[in-house]
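Just so it is clear, none of the values below were taken in a lab; they were calculated from the coordinates. Quick caveat, the model's predicted, so the values are computed rather than measured. Reconstructed Cβ throughout: ideal geometry from the backbone, glycine too, with neighbour counts over all protein chains shown.
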Amino acid sequence: MSNTADRAQTPTGVNHLVLNVRDLEESHRFWTEMIGFKCVAELKPKAGRTMQMRFYSGVNEDGQVSHHDLALAQIPDGAALKPEPWGMGPRTIGVNHVAICYPTRDAWLKQVAFLKSQGVPIHLRIDHGMTHSIYISDPNGHGIEILYELPREIWENDIEGAQNYAERLPPDDDASLVDSTEYPRFGAATKA
């Protein structure tokens, strides 16, 4: 078998995300207590290594954790840095937002209600063609999309149409806790 290729190989998806943070403890509390990730590992002190880093995982359909979906790395003297307010439009080079998927519509609605009860500001509430989402930010200003995926048959026949669909809803009142299941459909099903 040859290990050469004439084109890029298609990956299975994004494996994990690493965010640089100014205060590891503050970020740990947010990502575990507000978002619900489990801390699965931490870099241990070692001669010559000063980096502080923790690793986090969600759970799959079988309730199992991965080696990590998210990692947080504290930047040196990070507490002195102030985060910029998050916005959907790109402002600078770097991560715009990370999307966190909840397994069901009900779990998503409970998570939205929980975040609201904890005083986490919701910047946007958007029904996309393939997800229903809210957008928040962590203590470092990283954008976070909290979503659930719509059934595949809604968007699979016209991914571009679904990507271009966006219905904004009020983010700051009880309307953000209401979710319609009358999903628009994109594209016609193909006949075999």
key: Charge dipole magnitude, Cβ of K and R +1, D and E -1 - the stretch 96-192, Cα centre, debye nearest 20   = 120 debye
key: Contour minus Cα-Cα distance for Arg168 and Val59 (0.36 nm per residue)   = 36.3 nm
query = When averaged across all projection directions, what area in nm² does the alpha-carbon convex hull of the stretch 28-135 cover?
reply = 9.0 nm²
request  = Return the aspartates and glutamates within reach of Lys38: Cα separation strictly under 12 angstrom, same-chain partners fewer than 8 residues apart disregarded; answer none if there are no such residues.
outcome  = Asp69
message = Given a 10 angstrom Cα cut-off, can you work out which residue in Gly48, Gly143, Gly87 is the most mobile in a GNM of the chain?
response = Gly48
ask   = Among Glu160, Glu42, Glu61, whose mean-square fluctuation peaks in a Gaussian network model of the chain (Cα, cutoff 10 Å)?
value = Glu61
note = P(r) over all Cα-Cα pairs of the stretch 96-192, 5 Å bins from 0 to the longest distance, whole percent per bin, short to long, reads 2, 13, 23, 24, 17, 10, 5, 2, 1, 0, 0
query = Between the helical axis of 105-117 and the dominant principal axis of the chain, each derived from Cα atoms, what acute angle in degrees is found, rounded to the nearest 10?
reply = 50 degrees
note = For the chain the translational diffusion coefficient, Stokes-Einstein from a Kirkwood Rh over Cα pairs at 4 °C and viscosity 1.567 mPa s, in µm²/s, is roughly 69 µm²/s
